[in-house]
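Structure record follows, encoded as structure tokens.
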Amino acid sequence: MAETILLVEDERTLSELVTESLRRHGYRVETAFDGDTGLFAAETSLPDLVILDVMLPGMDGWEVCRRIRENPATRRIPVLMLTARREERDLLAGFDVGADDYMKKPFSVNELVARVGSLLRRSAPGVARVKAVQAGRLSIDTEKGEALLEGAPLDLTATEFRILEILAANRGHVVPRDVLLARVWGYSAADTRTLDMHVSRLRRKIEEDPENPKILLTVRGRGFRLCGEDDRHENP
Ligand code: CA
């Protein structure tokens, strides 16, 4: 069955262009032209992915994304945000509300379609996975798709979980930045800063002191490593 994309974009011309292109690639597309209708559509039709413009009439894209993440029924749906604004603080705000990816206008529709494809592929079930992995206070159950911190479920976005899942499969070993970028986003053009922002957001959720991480470690000049069994002896 074709995957359904919800497109929330108030610029009609852009909406039509993106819709047509996604349909040509075999997706079902639903459209909404303001934030409130977009949120309602996300909650009622539970699409496989949401493309969300930031500047919308009524509720803006940040708020729609925040509410999608708050609702247990919709919080795992990948969200790709579109914005005309370029300021760094907007980029940070986007990841703060839990967006999985981000495109600045004007963008190439082909690249948008490529990113939609990779976001959908990585959230698809049925891929061979490792089972539960323990890393310090954190446990990651990739079969159930949940992460627990001292037994309590963590509220993670799809991207954050994917990062943890890849690190968990390589627990105790360094995963190079470019490998992580390619496996999480699935395309080589991904911005390394995007990865850093997700990692710091993740640390705020899993580390006692995010500035001095004990679970998700940076290996300078190489990549990231999820603490292994040996690390626990170093940090009793
Ligand atoms: Ca707009």
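Quick note: the coordinates plus some simple rules give every number you see, no bench work behind them. Not measured: the values here are computed from a predicted model. Neighbour counts run over all protein chains shown; Cβ positions are idealised from the backbone, glycine included.
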Inset, instruction - Multiply the residue gap between Ala2 and Asp60 by 0.36 nm, knock off their C-alpha separation, and tell me the result in nm, one decimal place. - result: 18.1 nm
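Taking the Cα centre as origin and putting +1 on Lys and Arg beta-carbons and -1 on Asp and Glu beta-carbons, what dipole magnitude results for the stretch 4-123, to the nearest 20 debye? Before the final figure, lay out each step's value.
On the way: 17 positive and 21 negative charges, 102 e Å.
I would put it at about 480 debye.
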Inset, instruction - May I have the extent of the alpha carbons of the stretch 4-123 along their three principal axes, as whole Å values ordered from largest to smallest? - result: 32, 31, 28
Legend entry - Rh by Kirkwood over Cα pairs, then Stokes-Einstein D for the chain at 1.306 mPa s and 10 °C, µm²/s: 86 µm²/s
Legend entry - Lys214, Lys104 arranged by Cβ crowding within 10 Å, fewest neighbours leading: Lys104, Lys214
Inset, instruction - Quickly estimate the mean residue ellipticity at 222 nm for the chain, helices only: each DSSP H run with n ≥ 4 gives -39500 (n - 2.57), and the total goes over all residues, rounded to 500. - result: -13000 deg cm²/dmol
Legend entry - Coordinate range along principal axes, alpha carbons of the stretch 133-226, Å, largest first: 36, 28, 21
Inset, instruction - Would you please give the FRET efficiency between His173 and Glu43, computed as 1/(1 + (r/R0)^6) with r the Cβ-Cβ distance and R0 = 35 Å, to the nearest 0.05? - result: 0.30
Legend entry - Mean Kyte hydropathy of -1.0 or more with a Cα span along the axis of at least 30 Å, helices from DSSP in the chain: none
Inset, instruction - Work out the FRET efficiency for Glu211 and Glu150 from their Cβ-Cβ distance, taking R0 = 22 Å, and round it to the nearest 0.05. - result: 0.65
Legend entry - q = 0.12, 0.13, 0.17, 0.27 Å⁻¹: log10 I(q)/I(0) that the Debye formula gives for the stretch 1-73, counting C-alpha atoms only: -0.28, -0.33, -0.57, -1.24
